[in-house]
Amino acid sequence: MPWIRRIANLYELLFRREKREAELDAEVRGYFEILVDRYMEQGMSRETARRAARVQFEGPEQVKQKVREARMGATLEATLKDVRYAMRMLRRSPGFVAVAVCSLAIGIGATSAIYSIADGLLLRPLPVPRAE
């Protein structure tokens, strides 16, 4: 049942962010240490091996960002972040929200009325014999 696993992963992605980030951090640190150990096995000193690993590794934050982008649901997570940001900005300026909502309501209502009239007069035939 792969769909159950996908739903569970999506739930964890969206609602257990701290745990996921801690696991990612531990995994990146572990990979870095493995890289250092490999360089030390080649005969480098600890400090030289750490320096060489840092050069090859690109930086932990860049690696974490690549992993975050590759995860399932990254687009959904980015969309939710954008929605949260939009809600915060709308809460800060209620006057703008009122004007924007009224403008949208008037625009949608007027457009709907005009298309209803155009549909009734232009697109549908008149209900009389030989309407042409």
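No value in this document is a laboratory result; all are computed from the given coordinates. Note that this is a predicted model, so its numbers are computed, not measured. Cβ placement follows ideal geometry from the backbone for every residue including glycine, while neighbour counts extend to all protein chains displayed.
Given a Förster distance of 25 angstrom, what is the FRET efficiency for GLU12 paired with GLN56, based on the Cβ-Cβ distance and rounded to 0.05?
0.25
Which of ILE7, ALA52, LEU35 sits closest to the plus end of the dipole of segment 2-89, meaning its Cα is farthest towards the positive end, when Lys and Arg get +1 and Asp and Glu get -1 on the C-beta?
The residue sitting most towards the positive pole is ILE7.
Relative to the present Cα-Cα distance, how much length would full extension add between LEU104 and TYR85 at 0.36 nm per residue of separation?
Answer, rounded to one decimal: 4.8 nm.
Can you show me the helix-derived [θ] at 222 nm for the chain, built from DSSP H runs with n ≥ 4 at -39,500 (n - 2.57) apiece and divided by the number of residues, rounded to the nearest 500.
-27000 deg cm²/dmol
Whole angstrom only: what separates the Cα centroid of segment 72-98 from the Cα centroid of segment 1-60?
Here the two parts' Cα centres lie 31 Å apart.
So how strong a dipole does segment 2-89 carry about its Cα centre when Lys and Arg Cβ are +1 and Asp and Glu Cβ are -1, to the nearest 20 debye?
Dipole size: approximately 280 debye.
Translational diffusion coefficient of the chain at 10 °C, 1.306 mPa s, Stokes-Einstein with Kirkwood Rh over Cα pairs, in µm²/s as a whole number.
In µm²/s, the coefficient rounds to 75.
Quick check: residue separation of LEU76 and LYS19 times 0.36 nm, minus the Cα distance between them. What number comes out in nm?
18.7 nm
By how many nm would the segment from LEU121 to LYS66 lengthen if fully extended, with 0.36 nm per residue of separation less the alpha-carbon distance?
Here the segment from LEU121 to LYS66 would lengthen by 14.1 nm.
Of LEU122, LEU24, LEU104, which is the most mobile in a GNM of the chain whose springs link Cα atoms less than 10 angstrom apart?
Maximum among the listed residues: LEU122.
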